[in-house]
1. Could you say which residue among Val247, Val259 is closer than 28 Å to Pro6 by Cβ, hydrophobic (A, V, I, L, M, F, W, C) and in contact with a strand residue (DSSP E or B) (Cβ under 9 Å, 6 or more places away or on another chain)?
2. Name the single residue that is modelled with the highest pLDDT among those in the stretch 27-67 being of a type in the set (S, T, N, Q) and assigned to a loop (DSSP other than H, G, I, E, B).
3. Filter the stretch 181-215 for residues that are without any contact (Cβ under 8 Å) to a residue 40 or more places away in the chain, of a type outside the set (A, V, I, L, M) and not in a loop (DSSP other than H, G, I, E, B) and give the result.
4. All but one of (1) over 20 Å from Val336 (Cβ atoms); (2) under 28 Å from the mean Cα position of the chain (by Cα); (3) of a type in the set (A, V, I, L, M) hold for Val433; state the number of the condition that does not hold.
5. If you go through the stretch 287-308 one residue at a time, do you hit one that is in a strand (DSSP E or B), surrounded by fewer than 17 Cβ atoms within 10 Å (Cβ to Cβ) and touching a Lys or Arg at 6+ places or on another chain (Cβ under 9 Å)?
6. Within the stretch 74-128, considering only strands (runs of 3 or more DSSP E) that don't extend past its boundaries, which have at least 1 residues that are of a type in the set (Gly, Ala, Ser) and at pLDDT 95 or above?
7. Of all residues in the stretch 1-15 being outside any helix (DSSP H, G or I) and in contact (Cβ under 8 Å) with a residue 12 or more places away in the chain, which is farthest from Gly40 (Cα to Cα)?
8. Provide a single number: the residues in the stretch 409-426 that are surrounded by fewer than 19 Cβ atoms within 10 Å (Cβ to Cβ) and not polar (S, T, N, Q).
Amino acid sequence: MFADEPTIQALNLLGMRATSVGNHEFDNGRIELLRQAKGGCANSPRPDKACKYGPHEGAKFSYLAANVIDTRTNQPLLPAYIIAEVKGVKVAFIGTVLQATPELVAAGGIGGLQFIDEAQAVNRLLPQLRAQGATVFVVLIHQGGHTKASYDQQYCTDLEGDIVDVVKRIDPAVRLVVSGHSHNGYLCRVDGKLVTQAEKFGHMLSRIALVVDRQTGAVVDVSARNVVVEPDRHAGVPQVDALLASVRARSSTELDKPVARLAVPSLSKNLMPEADESPLGQMVADAILASGRKWGAQIAFTNSGGVRTHLEAGKGNVASVAQVQAVLPFGNEIVVMNLTGAQIVALLQAQWDGSEADKRGLLQVSEGFSYAWDTRQPKGRRIVRESVKLHGVPLDDAASYRVAVYNFLAEGNDGFVTFRAGSNQAPTGVRDVDSLRSYLQRLEQDNKPAGTFGAVPRIVRIK
(Lines give C-alpha, C1' and ligand atoms only; values in the text may rest on other atoms or scores of the structure.)
Protein backbone atom coordinates (compact mmCIF):
# COMPACT_ATOMS: atom_id res chain seq x y z
CA MET A 1 0.00 0.00 0.00
CA PHE A 2 2.87 2.40 0.81
CA ALA A 3 5.70 0.89 -1.29
CA ASP A 4 7.13 -0.90 1.79
CA GLU A 5 8.35 2.40 3.23
CA PRO A 6 6.76 1.99 6.71
CA THR A 7 8.49 -1.40 6.95
CA ILE A 8 11.85 0.21 6.26
CA GLN A 9 11.03 2.89 8.86
CA ALA A 10 10.26 0.18 11.40
CA LEU A 11 13.54 -1.63 10.70
CA ASN A 12 15.37 1.68 11.12
CA LEU A 13 13.71 2.19 14.51
CA LEU A 14 14.54 -1.38 15.57
CA GLY A 15 18.25 -0.82 14.95
CA MET A 16 18.77 -3.02 11.92
CA ARG A 17 22.43 -2.88 10.89
CA ALA A 18 22.67 -4.93 7.71
CA THR A 19 20.80 -7.36 5.50
CA SER A 20 21.46 -9.22 2.31
CA VAL A 21 19.10 -8.34 -0.51
CA GLY A 22 16.64 -11.03 -1.50
CA ASN A 23 15.09 -11.76 -4.87
CA HIS A 24 11.92 -9.88 -3.88
CA GLU A 25 13.92 -6.69 -3.39
CA PHE A 26 14.24 -6.77 -7.19
CA ASP A 27 10.52 -7.35 -7.86
CA ASN A 28 10.07 -3.71 -8.85
CA GLY A 29 13.49 -3.37 -10.46
CA ARG A 30 16.85 -1.86 -9.59
CA ILE A 31 15.59 1.74 -9.70
CA GLU A 32 13.00 1.11 -6.99
CA LEU A 33 15.45 -0.90 -4.87
CA LEU A 34 17.98 1.93 -4.94
CA ARG A 35 15.24 4.48 -4.15
CA GLN A 36 14.06 2.44 -1.19
CA ALA A 37 17.62 2.08 0.08
CA LYS A 38 18.74 5.68 -0.45
CA GLY A 39 15.44 7.54 0.02
CA GLY A 40 13.52 10.01 -2.09
CA CYS A 41 10.42 9.88 -4.25
CA ALA A 42 11.62 10.44 -7.82
CA ASN A 43 11.50 7.88 -10.64
CA SER A 44 9.62 5.23 -8.66
CA PRO A 45 7.85 2.66 -10.86
CA ARG A 46 5.14 2.74 -8.17
CA PRO A 47 4.16 6.43 -8.20
CA ASP A 48 0.73 5.57 -6.79
CA LYS A 49 2.43 4.19 -3.65
CA ALA A 50 5.83 5.85 -3.28
CA CYS A 51 5.98 8.57 -0.61
CA LYS A 52 2.21 8.42 -0.06
CA TYR A 53 2.80 7.69 3.62
CA GLY A 54 5.18 10.62 3.91
CA PRO A 55 8.73 11.63 2.95
CA HIS A 56 10.93 8.57 2.51
CA GLU A 57 14.36 9.02 4.08
CA GLY A 58 15.66 5.61 3.02
CA ALA A 59 17.21 2.75 4.94
CA LYS A 60 19.61 3.56 7.76
CA PHE A 61 20.86 -0.02 7.51
CA SER A 62 22.97 -1.51 4.74
CA TYR A 63 21.53 -3.58 1.92
CA LEU A 64 24.40 -5.90 0.94
CA ALA A 65 24.89 -7.61 -2.43
CA ALA A 66 28.41 -8.83 -3.12
CA ASN A 67 27.32 -10.88 -6.12
CA VAL A 68 25.13 -8.35 -7.95
CA ILE A 69 27.36 -6.56 -10.44
CA ASP A 70 26.51 -3.48 -12.49
CA THR A 71 27.94 -4.38 -15.88
CA ARG A 72 28.50 -0.70 -16.79
CA THR A 73 30.92 -0.18 -13.91
CA ASN A 74 31.89 -3.79 -13.15
CA GLN A 75 31.25 -2.90 -9.49
CA PRO A 76 28.63 -4.22 -7.06
CA LEU A 77 25.28 -2.43 -7.39
CA LEU A 78 25.12 -2.16 -3.60
CA PRO A 79 27.78 -2.44 -0.87
CA ALA A 80 29.25 -5.93 -0.75
CA TYR A 81 29.94 -5.89 3.00
CA ILE A 82 30.15 -3.89 6.19
CA ILE A 83 32.72 -4.23 8.96
CA ALA A 84 31.51 -3.82 12.52
CA GLU A 85 33.82 -3.61 15.52
CA VAL A 86 32.41 -5.68 18.38
CA LYS A 87 34.28 -5.81 21.70
CA GLY A 88 37.48 -4.88 19.91
CA VAL A 89 37.05 -7.53 17.18
CA LYS A 90 36.38 -6.54 13.56
CA VAL A 91 33.55 -8.64 12.13
CA ALA A 92 32.85 -8.53 8.39
CA PHE A 93 29.28 -9.15 7.23
CA ILE A 94 29.11 -10.13 3.55
CA GLY A 95 25.74 -10.21 1.77
CA THR A 96 24.67 -12.19 -1.30
CA VAL A 97 21.42 -13.01 -3.07
CA LEU A 98 20.77 -16.30 -4.85
CA GLN A 99 22.43 -16.44 -8.25
CA ALA A 100 19.14 -17.58 -9.81
CA THR A 101 17.42 -14.26 -9.06
CA PRO A 102 17.05 -13.43 -12.80
CA GLU A 103 14.83 -16.51 -13.11
CA LEU A 104 12.53 -15.23 -10.37
CA VAL A 105 11.98 -11.57 -11.28
CA ALA A 106 10.95 -9.62 -14.36
CA ALA A 107 13.88 -9.17 -16.72
CA GLY A 108 12.97 -5.58 -17.56
CA GLY A 109 13.82 -4.35 -14.07
CA ILE A 110 17.28 -5.86 -13.81
CA GLY A 111 18.83 -4.98 -17.17
CA GLY A 112 22.55 -4.35 -16.91
CA LEU A 113 22.94 -6.44 -13.77
CA GLN A 114 24.91 -9.68 -13.49
CA PHE A 115 24.25 -12.12 -10.68
CA ILE A 116 27.48 -14.04 -10.16
CA ASP A 117 28.24 -17.18 -8.16
CA GLU A 118 27.70 -16.54 -4.45
CA ALA A 119 30.68 -18.50 -3.13
CA GLN A 120 33.08 -16.90 -5.60
CA ALA A 121 31.79 -13.43 -4.68
CA VAL A 122 32.44 -14.13 -1.00
CA ASN A 123 35.84 -15.76 -1.39
CA ARG A 124 37.34 -13.02 -3.53
CA LEU A 125 36.55 -10.42 -0.85
CA LEU A 126 38.47 -12.11 1.99
CA PRO A 127 41.94 -10.66 1.21
CA GLN A 128 40.45 -7.17 1.01
CA LEU A 129 38.61 -7.66 4.34
CA ARG A 130 41.72 -9.02 6.06
CA ALA A 131 43.65 -6.00 4.86
CA GLN A 132 41.12 -3.85 6.74
CA GLY A 133 41.70 -5.81 9.94
CA ALA A 134 38.67 -8.11 9.87
CA THR A 135 39.28 -11.51 11.41
CA VAL A 136 35.70 -12.81 11.69
CA PHE A 137 33.60 -13.36 8.55
CA VAL A 138 29.83 -13.84 8.49
CA VAL A 139 27.87 -14.49 5.29
CA LEU A 140 24.29 -13.25 5.02
CA ILE A 141 22.88 -15.15 2.06
CA HIS A 142 19.42 -15.09 0.54
CA GLN A 143 19.42 -18.75 -0.39
CA GLY A 144 18.06 -21.61 1.66
CA GLY A 145 17.53 -25.29 2.13
CA HIS A 146 15.33 -27.93 3.70
CA THR A 147 15.78 -30.44 6.49
CA LYS A 148 13.66 -32.96 8.36
CA ALA A 149 15.08 -31.63 11.62
CA SER A 150 12.96 -29.41 13.85
CA TYR A 151 13.58 -25.67 13.82
CA ASP A 152 15.36 -25.75 17.19
CA GLN A 153 17.42 -28.96 16.81
CA GLN A 154 21.09 -28.38 17.52
CA TYR A 155 22.52 -29.28 14.99
CA CYS A 156 21.23 -31.02 11.91
CA THR A 157 23.52 -32.65 9.35
CA ASP A 158 20.93 -33.41 6.66
CA LEU A 159 20.45 -29.97 5.11
CA GLU A 160 19.43 -30.20 1.46
CA GLY A 161 18.98 -27.69 -1.33
CA ASP A 162 20.99 -25.27 -3.44
CA ILE A 163 22.57 -23.64 -0.41
CA VAL A 164 24.55 -26.76 0.51
CA ASP A 165 26.82 -26.61 -2.55
CA VAL A 166 27.34 -22.88 -2.04
CA VAL A 167 28.33 -23.30 1.61
CA LYS A 168 30.72 -26.13 0.80
CA ARG A 169 32.57 -23.88 -1.67
CA ILE A 170 32.82 -20.88 0.68
CA ASP A 171 36.28 -20.45 2.22
CA PRO A 172 36.70 -22.31 5.56
CA ALA A 173 37.55 -18.97 7.20
CA VAL A 174 33.80 -18.30 7.13
CA ARG A 175 32.31 -20.16 10.10
CA LEU A 176 28.76 -18.74 10.06
CA VAL A 177 26.18 -18.49 7.27
CA VAL A 178 22.80 -16.84 7.97
CA SER A 179 20.37 -17.97 5.27
CA GLY A 180 16.85 -17.25 4.01
CA HIS A 181 14.61 -17.73 0.96
CA SER A 182 13.21 -21.18 1.78
CA HIS A 183 11.26 -19.92 4.83
CA ASN A 184 12.42 -22.78 7.06
CA GLY A 185 13.74 -22.78 10.59
CA TYR A 186 16.95 -24.75 11.07
CA LEU A 187 20.36 -24.89 12.72
CA CYS A 188 22.67 -27.09 10.66
CA ARG A 189 26.34 -27.90 10.21
CA VAL A 190 27.79 -28.04 6.71
CA ASP A 191 31.54 -28.63 6.27
CA GLY A 192 32.43 -27.07 9.60
CA LYS A 193 30.16 -24.05 9.09
CA LEU A 194 27.02 -23.26 11.07
CA VAL A 195 24.08 -22.51 8.74
CA THR A 196 21.01 -20.89 10.33
CA GLN A 197 17.58 -19.76 9.22
CA ALA A 198 14.74 -18.21 11.25
CA GLU A 199 11.72 -19.09 9.10
CA LYS A 200 9.69 -16.03 8.04
CA PHE A 201 7.56 -13.01 9.00
CA GLY A 202 9.72 -12.16 12.00
CA HIS A 203 8.13 -14.71 14.30
CA MET A 204 11.45 -16.37 15.09
CA LEU A 205 14.93 -15.17 16.07
CA SER A 206 18.22 -16.94 15.57
CA ARG A 207 20.30 -15.96 18.60
CA ILE A 208 23.90 -16.58 17.57
CA ALA A 209 27.05 -16.49 19.69
CA LEU A 210 30.63 -16.33 18.41
CA VAL A 211 33.58 -17.11 20.67
CA VAL A 212 36.74 -15.39 19.39
CA ASP A 213 40.37 -15.66 20.51
CA ARG A 214 41.37 -12.02 21.10
CA GLN A 215 45.05 -12.67 20.44
CA THR A 216 44.66 -14.36 17.08
CA GLY A 217 41.22 -13.08 16.09
CA ALA A 218 40.23 -16.64 15.18
CA VAL A 219 36.73 -17.97 15.78
CA VAL A 220 36.91 -20.65 18.45
CA ASP A 221 33.24 -21.63 18.53
CA VAL A 222 29.90 -20.78 16.90
CA SER A 223 26.58 -21.66 18.50
CA ALA A 224 22.96 -20.68 17.95
CA ARG A 225 19.41 -21.11 19.18
CA ASN A 226 16.19 -20.54 17.25
CA VAL A 227 13.68 -18.83 19.53
CA VAL A 228 10.00 -18.33 18.76
CA VAL A 229 8.98 -14.73 19.42
CA GLU A 230 6.16 -14.45 21.97
CA PRO A 231 4.93 -10.82 21.80
CA ASP A 232 3.16 -10.91 25.17
CA ARG A 233 6.48 -11.64 26.90
CA HIS A 234 8.27 -8.56 25.61
CA ALA A 235 7.61 -4.85 25.93
CA GLY A 236 7.02 -2.97 22.71
CA VAL A 237 9.38 -0.35 21.33
CA PRO A 238 7.40 2.89 21.83
CA GLN A 239 8.46 4.50 18.53
CA VAL A 240 7.62 1.34 16.60
CA ASP A 241 4.28 0.98 18.40
CA ALA A 242 3.45 4.56 17.44
CA LEU A 243 4.43 3.92 13.81
CA LEU A 244 2.31 0.79 13.69
CA ALA A 245 -0.71 2.62 15.10
CA SER A 246 -0.26 5.38 12.52
CA VAL A 247 0.04 2.92 9.63
CA ARG A 248 -3.07 1.06 10.78
CA ALA A 249 -5.03 4.29 10.97
CA ARG A 250 -3.86 5.41 7.53
CA SER A 251 -4.58 1.96 6.08
CA SER A 252 -8.14 1.68 7.38
CA THR A 253 -9.58 3.97 4.71
CA GLU A 254 -8.12 1.80 1.97
CA LEU A 255 -9.01 -1.47 3.70
CA ASP A 256 -12.66 -0.46 4.06
CA LYS A 257 -13.11 0.06 0.33
CA PRO A 258 -15.55 -2.34 -1.39
CA VAL A 259 -14.19 -5.04 -3.69
CA ALA A 260 -17.17 -6.93 -5.06
CA ARG A 261 -20.66 -8.11 -4.23
CA LEU A 262 -21.14 -11.78 -3.38
CA ALA A 263 -24.27 -13.83 -3.95
CA VAL A 264 -24.10 -15.07 -0.35
CA PRO A 265 -23.15 -13.52 3.00
CA SER A 266 -20.09 -15.75 3.31
CA LEU A 267 -17.95 -18.19 1.34
CA SER A 268 -16.77 -20.94 3.66
CA LYS A 269 -13.28 -22.39 4.02
CA ASN A 270 -14.80 -25.44 5.72
CA LEU A 271 -14.83 -28.68 3.76
CA MET A 272 -18.06 -29.64 2.07
CA PRO A 273 -19.85 -32.73 3.49
CA GLU A 274 -18.14 -35.94 2.39
CA ALA A 275 -15.66 -33.94 0.32
CA ASP A 276 -12.05 -32.78 0.51
CA GLU A 277 -12.70 -29.29 -0.80
CA SER A 278 -14.19 -26.06 0.44
CA PRO A 279 -16.25 -23.60 -1.58
CA LEU A 280 -13.67 -20.89 -0.88
CA GLY A 281 -10.74 -23.21 -1.66
CA GLN A 282 -12.22 -23.85 -5.08
CA MET A 283 -12.77 -20.12 -5.60
CA VAL A 284 -9.14 -19.32 -4.73
CA ALA A 285 -7.87 -22.03 -7.11
CA ASP A 286 -10.10 -20.64 -9.87
CA ALA A 287 -8.73 -17.15 -9.23
CA ILE A 288 -5.15 -18.45 -9.55
CA LEU A 289 -6.04 -20.13 -12.83
CA ALA A 290 -7.68 -16.98 -14.19
CA SER A 291 -4.62 -14.87 -13.36
CA GLY A 292 -2.22 -17.48 -14.70
CA ARG A 293 -3.91 -17.90 -18.08
CA LYS A 294 -1.84 -15.04 -19.50
CA TRP A 295 1.17 -17.32 -18.91
CA GLY A 296 -0.60 -20.35 -20.40
CA ALA A 297 -1.98 -21.88 -17.19
CA GLN A 298 -4.35 -24.82 -17.64
CA ILE A 299 -4.55 -26.11 -14.06
CA ALA A 300 -4.18 -24.41 -10.69
CA PHE A 301 -3.60 -25.73 -7.18
CA THR A 302 -3.59 -24.09 -3.78
CA ASN A 303 -2.84 -25.50 -0.35
CA SER A 304 -5.77 -25.66 2.07
CA GLY A 305 -3.75 -24.01 4.84
CA GLY A 306 -3.14 -20.96 2.69
CA VAL A 307 -6.84 -20.09 2.84
CA ARG A 308 -6.84 -18.57 6.31
CA THR A 309 -10.45 -17.66 7.01
CA HIS A 310 -13.92 -17.51 5.49
CA LEU A 311 -14.64 -14.73 3.01
CA GLU A 312 -17.19 -12.66 4.87
CA ALA A 313 -19.25 -9.94 3.24
CA GLY A 314 -20.61 -6.80 4.82
CA LYS A 315 -23.78 -4.85 4.16
CA GLY A 316 -25.42 -5.84 0.89
CA ASN A 317 -23.15 -8.89 0.69
CA VAL A 318 -20.26 -6.64 -0.41
CA ALA A 319 -16.76 -7.81 0.57
CA SER A 320 -14.18 -5.17 1.46
CA VAL A 321 -10.46 -5.00 0.76
CA ALA A 322 -9.80 -6.01 4.38
CA GLN A 323 -12.13 -9.02 4.19
CA VAL A 324 -10.47 -10.30 1.03
CA GLN A 325 -7.03 -9.63 2.53
CA ALA A 326 -7.92 -11.72 5.58
CA VAL A 327 -8.47 -14.76 3.36
CA LEU A 328 -5.01 -14.52 1.76
CA PRO A 329 -2.73 -12.54 4.08
CA PHE A 330 0.65 -13.89 2.98
CA GLY A 331 1.42 -11.87 -0.13
CA ASN A 332 2.38 -14.97 -2.12
CA GLU A 333 3.10 -14.60 -5.83
CA ILE A 334 1.60 -16.79 -8.54
CA VAL A 335 4.15 -18.92 -10.40
CA VAL A 336 3.33 -20.81 -13.61
CA MET A 337 5.35 -23.89 -14.57
CA ASN A 338 5.35 -26.97 -16.76
CA LEU A 339 4.59 -30.36 -15.22
CA THR A 340 4.07 -33.62 -17.07
CA GLY A 341 0.96 -35.69 -16.54
CA ALA A 342 3.10 -38.23 -14.67
CA GLN A 343 4.45 -35.50 -12.38
CA ILE A 344 0.94 -34.24 -11.63
CA VAL A 345 -0.19 -37.74 -10.70
CA ALA A 346 2.91 -38.17 -8.50
CA LEU A 347 2.09 -34.84 -6.88
CA LEU A 348 -1.44 -35.99 -6.09
CA GLN A 349 -0.16 -39.30 -4.69
CA ALA A 350 2.18 -37.37 -2.38
CA GLN A 351 -0.73 -35.61 -0.66
CA TRP A 352 -0.69 -38.31 2.01
CA ASP A 353 3.09 -38.52 2.44
CA GLY A 354 4.77 -37.41 5.66
CA SER A 355 3.68 -37.33 9.30
CA GLU A 356 1.66 -34.12 8.86
CA ALA A 357 0.01 -35.17 5.60
CA ASP A 358 -3.39 -35.96 7.06
CA LYS A 359 -3.48 -32.62 8.89
CA ARG A 360 -2.52 -30.31 6.03
CA GLY A 361 -5.50 -31.25 3.84
CA LEU A 362 -5.60 -32.01 0.14
CA LEU A 363 -4.70 -29.45 -2.48
CA GLN A 364 -7.64 -27.42 -3.72
CA VAL A 365 -8.01 -27.70 -7.51
CA SER A 366 -9.29 -25.39 -10.24
CA GLU A 367 -12.30 -25.73 -12.53
CA GLY A 368 -11.98 -28.34 -15.25
CA PHE A 369 -9.58 -30.53 -13.26
CA SER A 370 -10.91 -33.62 -11.47
CA TYR A 371 -9.86 -36.96 -10.05
CA ALA A 372 -10.88 -39.72 -7.63
CA TRP A 373 -8.97 -41.27 -4.76
CA ASP A 374 -9.55 -44.54 -2.93
CA THR A 375 -9.40 -44.45 0.87
CA ARG A 376 -8.89 -48.22 0.95
CA GLN A 377 -5.56 -48.08 -0.85
CA PRO A 378 -2.17 -47.50 0.82
CA LYS A 379 -0.25 -44.26 0.53
CA GLY A 380 1.34 -43.90 -2.88
CA ARG A 381 -1.49 -45.80 -4.61
CA ARG A 382 -4.61 -43.90 -3.63
CA ILE A 383 -5.12 -41.92 -6.83
CA VAL A 384 -7.35 -43.69 -9.39
CA ARG A 385 -5.11 -43.05 -12.38
CA GLU A 386 -7.76 -43.11 -15.11
CA SER A 387 -9.86 -40.60 -13.18
CA VAL A 388 -7.30 -37.77 -13.39
CA LYS A 389 -8.78 -35.55 -16.09
CA LEU A 390 -8.63 -32.04 -17.51
CA HIS A 391 -11.93 -30.98 -19.05
CA GLY A 392 -13.00 -34.60 -19.14
CA VAL A 393 -9.88 -35.84 -20.96
CA PRO A 394 -7.51 -38.16 -19.06
CA LEU A 395 -4.06 -36.67 -18.43
CA ASP A 396 -1.31 -38.03 -20.67
CA ASP A 397 1.72 -39.09 -18.62
CA ALA A 398 4.12 -37.80 -21.27
CA ALA A 399 2.31 -34.58 -22.10
CA SER A 400 3.27 -31.25 -20.55
CA TYR A 401 0.72 -29.04 -18.79
CA ARG A 402 1.02 -25.45 -17.55
CA VAL A 403 0.30 -25.37 -13.83
CA ALA A 404 -0.21 -22.25 -11.67
CA VAL A 405 0.50 -22.19 -7.92
CA TYR A 406 1.66 -19.74 -5.27
CA ASN A 407 5.40 -19.44 -4.80
CA PHE A 408 4.95 -21.11 -1.38
CA LEU A 409 4.09 -24.36 -3.18
CA ALA A 410 6.47 -23.72 -6.09
CA GLU A 411 9.29 -23.78 -3.54
CA GLY A 412 8.19 -27.27 -2.37
CA ASN A 413 6.64 -26.25 0.94
CA ASP A 414 3.98 -28.27 2.76
CA GLY A 415 5.92 -31.31 1.55
CA PHE A 416 4.91 -30.90 -2.11
CA VAL A 417 8.46 -31.18 -3.42
CA THR A 418 7.34 -32.20 -6.93
CA PHE A 419 6.62 -28.56 -7.66
CA ARG A 420 10.34 -27.83 -7.41
CA ALA A 421 10.88 -30.01 -10.50
CA GLY A 422 8.54 -27.88 -12.61
CA SER A 423 10.24 -26.55 -15.73
CA ASN A 424 9.93 -23.16 -17.42
CA GLN A 425 8.89 -21.53 -14.17
CA ALA A 426 7.50 -18.04 -14.72
CA PRO A 427 6.97 -15.75 -11.72
CA THR A 428 3.99 -13.64 -12.74
CA GLY A 429 4.33 -10.77 -10.29
CA VAL A 430 0.63 -11.26 -9.45
CA ARG A 431 -0.02 -11.43 -5.69
CA ASP A 432 -2.50 -13.87 -4.20
CA VAL A 433 -4.91 -11.25 -2.84
CA ASP A 434 -4.82 -9.21 -6.06
CA SER A 435 -5.71 -12.34 -8.02
CA LEU A 436 -8.70 -13.10 -5.81
CA ARG A 437 -9.85 -9.50 -5.82
CA SER A 438 -9.76 -9.31 -9.63
CA TYR A 439 -11.60 -12.61 -9.96
CA LEU A 440 -14.39 -11.57 -7.59
CA GLN A 441 -14.81 -8.31 -9.51
CA ARG A 442 -14.97 -10.15 -12.83
CA LEU A 443 -17.65 -12.51 -11.54
CA GLU A 444 -19.73 -9.56 -10.41
CA GLN A 445 -19.28 -7.81 -13.76
CA ASP A 446 -20.46 -11.00 -15.50
CA ASN A 447 -23.56 -10.91 -13.29
CA LYS A 448 -22.47 -14.19 -11.68
CA PRO A 449 -21.21 -13.00 -8.28
CA ALA A 450 -19.25 -15.49 -6.19
CA GLY A 451 -21.56 -18.01 -4.56
CA THR A 452 -24.20 -17.85 -7.32
CA PHE A 453 -23.74 -21.53 -8.04
CA GLY A 454 -23.32 -24.09 -5.30
CA ALA A 455 -19.90 -25.68 -5.10
CA VAL A 456 -19.67 -29.15 -6.62
CA PRO A 457 -16.79 -31.46 -5.58
CA ARG A 458 -14.03 -31.87 -8.13
CA ILE A 459 -12.33 -34.56 -6.05
CA VAL A 460 -14.24 -37.81 -5.57
CA ARG A 461 -13.51 -39.86 -2.48
CA ILE A 462 -14.08 -43.61 -2.85
CA LYS A 463 -14.71 -45.50 0.39
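The values are calculated or read from the model by the stated rules, or taken from the named source; none is laboratory data. Quantities reported herein were computed from a predicted structural model and do not represent experimental measurements. Backbone-built Cβ (ideal geometry, glycine too); neighbour counts: all protein chains shown.
1. Unique residue meeting the criteria: Val259.
2. The initial filter retains those residues of the stretch 27-67 that are of a type in the set (S, T, N, Q), namely 28, 36, 43-44, 62, 67.
Filter again for assigned to a loop (DSSP other than H, G, I, E, B), leaving 28, 43-44, 67.
Working: Asn28: 84, Asn43: 89, Ser44: 93, Asn67: 98.
Looking at the filtered set, the residue picked out is Asn67.
3. Restricting attention to the stretch 181-215, the residues satisfying the condition of being without any contact (Cβ under 8 Å) to a residue 40 or more places away in the chain are 187, 189-194, 196, 198, 200-203, 205-209, 211, 213, 215.
From what is left, the residues that are of a type outside the set (A, V, I, L, M) are 189, 191-193, 196, 200-203, 206-207, 213, 215.
Hits for the stretch 181-215 are Arg189, Lys193, Thr196, Ser206, Arg207.
4. For Val433, the failing item is (1).
5. To start, the set of residues in the stretch 287-308 that are in a strand (DSSP E or B) comprises 299-302.
Next, from what is left, pick out any that are surrounded by fewer than 17 Cβ atoms within 10 Å (Cβ to Cβ): none.
For the stretch 287-308, residues in a strand (DSSP E or B), surrounded by fewer than 17 Cβ atoms within 10 Å (Cβ to Cβ) and touching a Lys or Arg at 6+ places or on another chain (Cβ under 9 Å): absent.
6. Values: elements: 81-86, 89-97, 113-115.
Ranges flagged: 81-86, 89-97.
7. Taking the stretch 1-15 and keeping what is outside any helix (DSSP H, G or I), we get 1-4, 14-15.
So of that shortlist, the ones also in contact (Cβ under 8 Å) with a residue 12 or more places away in the chain come out as 1-4, 14.
On the way: Met1: 17, Phe2: 13, Ala3: 12, Asp4: 13, Leu14: 21 Å.
My answer is Leu14.
8. Counting residues in the stretch 409-426 that are surrounded by fewer than 19 Cβ atoms within 10 Å (Cβ to Cβ) and not polar (S, T, N, Q) gives 5.
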